[in-house]
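First comes the structure, then the notes that go with it.
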Amino acid sequence: MEKLYRGIHKFQESYFKKEEDFFRRLSGKQDPDVLFITCADSRVDPTLVTQSRPGDLFIVRNVGNIIPPHDAIKDKNSVAAALEFAVLVLKVADIIVCGHSNCGAMKVLFQDEKEFRDMPHLREWVALSKIVRSHVEQYYPNTSASLKERIMEKENVLEQLKNLETYPFIAQALEKGVVYLHGWYYDIGAGEVLSFNPVTDSFEKIP
Ligand code: ZN
């Protein structure tokens, strides 16, 4: 914790002091253009990677950047609450789902369920995306385990984009052309961000 306390002091004495006017303007309200949904993984830092400032990104993070389909969780669906707020109140123009390399959630999904017997919440949460594993097992049967995981990380992003469309207000916003969906993949070791191109059906470097 000491490191964090030192960090807070450093923030207050240097960054905040220099940007006091900016933070004062920001304190009244937020008006982000982007809803950024990504993994809880400590190595993923959306603001660093996109060089964004406070107020730019409305961020939802969870294990495996999973968006439960509309009817998958009856109530207390925190992701759905964030979606409603971002789309209907903040009126974000873009929704990004960003997966990443070596995602622990995809490892959990890939491994034997018995290994996670004592972690029922984790097991059930990642199971929301179990279709991704079935797809990979079906279409890439002879691929190595590590490559399967890389494929799953990307397939998972595409699956979550589909899940977003199961929310009626998102489907409507897409139809009206007031919201756009983007599937991203962050390669931590390469510092690279790839974006899904539906025309070529592949993840490509952002131009
Ligand atoms: Zn992850």
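Listing for the model above:
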read-out	value
Scope the range 114-143; condition touching a residue at least 12 places away in the same chain (Cβ under 8 Å) and more than 21 Å from L161 (Cβ to Cβ); matching residues	L122, R123
C98, sole failed condition from (1) surrounded by 14 or more Cβ atoms within 10 Å (Cβ to Cβ); (2) assigned to a helix (DSSP H, G or I)	(2)
V126 vs. criteria within 16 Å of the ligand (Cβ to nearest atom) and either within 18 Å of I73 (Cβ to Cβ) or hydrophobic (A, V, I, L, M, F, W, C) (or both)	yes
Restricting the range 34-59 to residues that are more than 16 Å from the ligand (Cβ to nearest atom) and of a type in the set (D, E, K, R), the residue that is nearest to L90 (Cα to Cα)	D56
Members of the range 124-137 that are surrounded by fewer than 17 Cβ atoms within 10 Å (Cβ to Cβ) and more than 18 Å from D201 (Cα to Cα)	E124, A127, K130, I131, S134, E137
First in the range 38-51 and part of a loop (DSSP other than H, G, I, E, B), second anywhere and near the ligand (Cβ under 8 Å from one of its atoms) and of a type outside the set (S, T, Y), Cβ under 7 Å, 6 or more apart	A40/V63; D41/H100; D41/C103; D41/G104; V44/H100
Residues (under 11 Å from the mean Cα position of the chain (by Cα) and of a type outside the set (D, E, K, R)) located in the range 59-86	I59, V60, N62, V63, G64, N65, I66, I67, V79
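Computed from the coordinates by the stated procedures, all read-outs in this text should not be read as laboratory data. Computed from a predicted structure; not experimentally measured. Methodologically, a virtual Cβ is constructed for each residue, glycine included, from the backbone with ideal geometry; neighbour enumeration extends over all protein chains shown.
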